[in-house]
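Student: If you scroll down you'll find the structure; I have some questions about it.
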Amino acid sequence: DREFLHKYMTLTRCDLLFADKAILIEGTTERLLLPKMIEKLDSTSPKEQHLSSQYISVVEVGGAYAHLFFGLLTFLELRSLIVTDLDAVKDNGQGHLVACKVSEGTQTSNACIRKWFEGSDVTPSVLIQKPEAERIHGSHRIAYQVPEVNDSACGRSFEDAFILANPTLFELSEIETEKEEAAWEKAGKVTKKSDFALEYAITKTEWAVPRYIAE
């Protein structure tokens, strides 16, 4: 872990050492849209709670590596938010786990979530129902996709969660099973994540922040 962190921080000139708080994210889409999401959330928060006025280090680490930062974040006494993907998977009948819709998932392939809850057999349906207290360890909080409304469709990744959070914008059906299927298909067609993120960061800016990030 120490060797990995040393290489990572050397390559990225990481400013975790100087920040007041940290947000660890999965990838390009979240990185490009995060400033806009913070702006939207700040507009509904008391001025003294605005994230945009605080020194926050945003670190792109991916779901496979976020847990390697836990010890460092604790050592630095950094209040931190880890934003990662639910990454639902199921057996394909041939002994291999494949990506699937959350409603079909039997476990998660996300290493960070497995580490957080100390097990690989936790199912997406159980993860969605985890209480707030279990998503907090000390000064760290983990955030992964949850339904926008309880007992409704849930996204597997940021893209389909974003689509589900904005059903009118993406012309989704009001039927939950159809809504999940449509969001899954639309997210699967996002081949250039940077283009997707920039479109909604710059051009189409009227949208809602997905619940799991807003919380």
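Student: What FRET efficiency comes out for Val122 versus Thr74 if R0 is 35 angstrom and r is the Cβ-Cβ distance? Round to the nearest 0.05. Before the final figure, lay out each step's value.
Tutor: On the way: r = 22 Å, r/R0 = 0.64.
The formula returns an efficiency of 0.95 here.
Student: Multiplying the sequence separation of Tyr8 and Ser194 by 0.36 nm and subtracting their Cα-Cα distance, what value in nm do you get?
Tutor: Working: separation 186, 0.36 × 186 = 66.96 nm, distance 2.20 nm.
Result for the pair: 64.8 nm of gain on full extension.
Student: Arranged from highest to lowest average of other beta-carbon atoms within 10 Å per residue, in what order do the peptides 55-62, 178-185 appear? Working shown, then result.
Tutor: Working: 55-62: 17.5, 178-185: 19.2.
Sorting 55-62, 178-185 by mean packing, highest first, produces 178-185, 55-62.
Student: How high is the FRET efficiency between Asp151 and Asp15 when r is their beta carbon distance and R₀ equals 41 Å, given to the nearest 0.05?
Tutor: On the way: r = 41 Å, r/R0 = 0.99.
FRET efficiency, Asp151 to Asp15: 0.50.
Student: Which far-off residues, 5 or more places away or on another chain, put their amide H under 5 Å from the one on Glu60, with H placed in the peptide plane?
Tutor: Amide H neighbours of Glu60: Ile25.
Student: How large is the charge dipole for region 1-87, taken about the Cα centre, if only the Cβ atoms of Lys, Arg (+1) and Asp, Glu (-1) carry charge, to the nearest 20 debye? Working shown, then result.
Tutor: On the way: 9 positive and 13 negative charges, 40 e Å.
Roughly 200 debye for region 1-87.
Student: Could you order peptides 165-177, 128-140 by the average number of other Cβ atoms within 10 Å of their residues, highest first?
Tutor: Numbers: 165-177: 14.4, 128-140: 12.8.
Most protected by this proxy first, the peptides run 165-177, 128-140.
Student: Right, here's the next one. Quick one: grab Rg to one decimal and Dmax as a whole number for the chain, Cα atoms only, in Å.
Tutor: Cα-based Rg and Dmax for the chain come out at 17.2, 54 Å.
Student: Let me ask something else about it. With r as the distance between the Cβ atoms of Ala214 and Glu132 and R0 = 22 Å, compute the FRET efficiency 1/(1 + (r/R0)^6) and round to 0.05. Spell out each step's value before the answer.
Tutor: Numbers: r = 14 Å, r/R0 = 0.62.
Here the calculated transfer efficiency is 0.95.
Student: Now a separate question. Picking from Cys154, Phe196, Leu78, whose Cα lies most toward the positive end of the charge dipole for the chain (charges on Cβ: Lys, Arg +1; Asp, Glu -1)?
Tutor: Among Cys154, Phe196, Leu78, the one farthest towards the positive end of the dipole of the chain is Leu78.
Student: Would you work out the charge dipole size for the chain about its Cα centre, treating the Cβ of every Lys and Arg as +1 and the Cβ of every Asp and Glu as -1, and quote it to the nearest 20 debye?
Tutor: Numbers: 24 positive and 34 negative charges, 133 e Å.
Once rounded to the nearest 20, the dipole reads 640 debye.
Student: Moving on. Quick one: of the DSSP bridges fully inside the chain, what percent are antiparallel, nearest 5? Walk me through the intermediate numbers first.
Tutor: Working: 7 of 20 bridges.
Counting only bridges with both partners in the chain, antiparallel ones make up about 35 percent.
Student: So what is the diffusion coefficient of region 36-87 in µm² per second by Stokes-Einstein at 4 °C and 1.567 mPa s, using a Kirkwood Rh over Cα pairs? Each step should come with its number before you reach the end.
Tutor: Values: Rh = 12.9 Å.
Rounded, D is 100 µm²/s.
Readers should treat all values here as calculations from the given coordinates under stated rules, not as data from a laboratory. Since we're looking at a predicted model, the values are computed, not measured. Cβ atoms come from the backbone with ideal geometry, glycine included; neighbour counts cover every protein chain shown.
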